[in-house]
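Read through the structure below, which is laid out as structure tokens, and then see the notes.
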Amino acid sequence: MTKVFIDGSEGTTGLRIQERPEGRSDLTLLHIPSELRKDTAARKELLNEADVAILCLPDAAAVEAVSLVENPNTVVLDASTAHRVAPGWNYGFAELGKEFRQGIATGKRVANPGCHASGFLALARPLVQAGLMPADYPAVCHSLTGYSGGGKKMIAQYQDQNRDVLLDSPRQYGLTQSHKHQPEMQVYSGLDYVPVFNPIVADFYAGMEVSLPLIGRLLTKTATPDEVRNIYKEFYSGCRLVQVAEADDQRYIQGGFAAANVLAGSDGMVICVTGNADRIQVMALFDNLGKGASGAAVQNLNIIMGADEATGLVPLP
């Protein structure tokens, strides 16, 4: 029986993760009384009692929590941004390669990916590794997300009946080009430079659509959408939670429109390829709270435990 403690279980991600183990007989959740959630001594005791400690905390609090772990057998799975590119930490996106999956399975420190970063890396890394996208490619990423990705405060803002009229419109943010996901987007993609990143939040609860435009003349060779699709199919062969859509698959693109919430409620990700040889658009569709957050954390927990990675997760339709 694996003992799991979720530090920060009152937040959006923590609550979603805590819901997932219901009915499982292979793990037990360690609970902290609500009045002791900020008690350092109580948290330290549970962090060290746990086989796996999942951190759903702000960055500074996550760093503090790691400092409290003295048990060498406790695996820390951090859902914050604090350790995603830190030395000694394993990046928790198993589908990016065997070394990533092995690091999750055997490491003691695992960093859960950012939601926007998950979509970008799923698109960029296979193309860099295949040699189609040069390492110095001037990548631009557009990412449309539901407002639940902003946490409790943003959820309350969007669901307020007297909300600001500006929330009726999609809103671009990260305008200084220093978004917290950009370091991991560059490091794990294999690109030499940080991509230009344009995140956008809109008036829908959950779902994410991450797009990466490919300019044919800037690639190492001419490639058709079918050839790009085949690169993804080979890279994600055998993956259950990341799949590649066929060109005529109308489950994900309907009538020339790709909806960002098409996979809301699912824990998987689908890669779509559109365009032509001159201008190709690749897209990752998923739920920002699923493969982009709590679903990814549960998948990583399963790998750490040696369980089937899809246990407790909602499969792709």
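The values are calculated or read from the model by the stated rules, or taken from the named source; none is laboratory data. None of these values were measured; they are calculated from a predicted model. Neighbour counts are summed over all protein chains in view; Cβ atoms, including those assigned to glycine, are modelled from backbone coordinates with ideal geometry.
Brief remarks follow.
- Scanning region 177-201 for residues that are touching a residue at least 12 places away in the same chain (Cβ under 8 Å), crowded, with 19+ Cβ neighbours inside 10 Å and either assigned by TED's automatic domain parsing to the domain that holds Ala94 or not acidic (Asp, Glu) (or both) yields a count of 11.
- Counting only residues that are over 18 Å from Gly312 (Cα atoms) and touching a Cys at 6+ places or on another chain (Cβ under 8 Å), region 1-46 holds 3 of them.
- First in region 74-85 and in contact (Cβ under 8 Å) with a residue 40 or more places away in the chain and more than 16 Å from Arg101 (Cα to Cα), second anywhere and part of a loop (DSSP other than H, G, I, E, B) and charged (D, E, K, R), Cβ under 7 Å, 6 or more apart: Thr81/Lys180
- Subset tally (residues that are charged (D, E, K, R), at pLDDT 95 or above and surrounded by fewer than 15 Cβ atoms within 10 Å (Cβ to Cβ)) for region 27-52: 1
- With respect to being assigned to a loop (DSSP other than H, G, I, E, B), in contact (Cβ under 8 Å) with a residue 40 or more places away in the chain and closer than 23 Å to Val140 by Cβ, Thr274 falls outside the description.
- Residues in region 71-84 that are assigned to a loop (DSSP other than H, G, I, E, B) and within 18 Å of Leu57 (Cβ to Cβ) were compared, and the one that is nearest to the chain's Cα centre (by Cα) is Ala79.
- Number of positions in region 265-308 that are among the charged types (D, E, K, R) and touching a Phe, Trp or Tyr at 6+ places or on another chain (Cβ under 9 Å): 1
- Here Ala284, Ala296, Ala310 are screened, and the one residue that is outside the structural domain of Ser211 (by TED's automatic domain parsing), within 15 Å of the chain's Cα centre (by Cα) and in contact (Cβ under 8 Å) with a residue 24 or more places away in the chain is Ala296.
- Region 204-244, residues that are part of a loop (DSSP other than H, G, I, E, B), farther than 22 Å from Ala293 by Cβ and either more than 23 Å from the chain's Cα centre (by Cα) or hydrophobic (A, V, I, L, M, F, W, C) (or both): Leu219, Thr220, Lys221, Thr222, Ala223, Thr224
- Between Leu96, Leu144, Leu166, the distinction of being touching a residue at least 24 places away in the same chain (Cβ under 8 Å), out of contact with any Cys (no Cβ under 6 Å at 6 or more places or on another chain) and in the same structural domain as Asn261 (by TED's automatic domain parsing) belongs to Leu144 only.
- For region 2-24, the criterion of being closer than 24 Å to His179 by Cβ, in contact with a strand residue (DSSP E or B) (Cβ under 6 Å, 6 or more places away or on another chain), modelled with pLDDT of 95 or more and assigned to a strand (DSSP E or B) is met by none of the residues.
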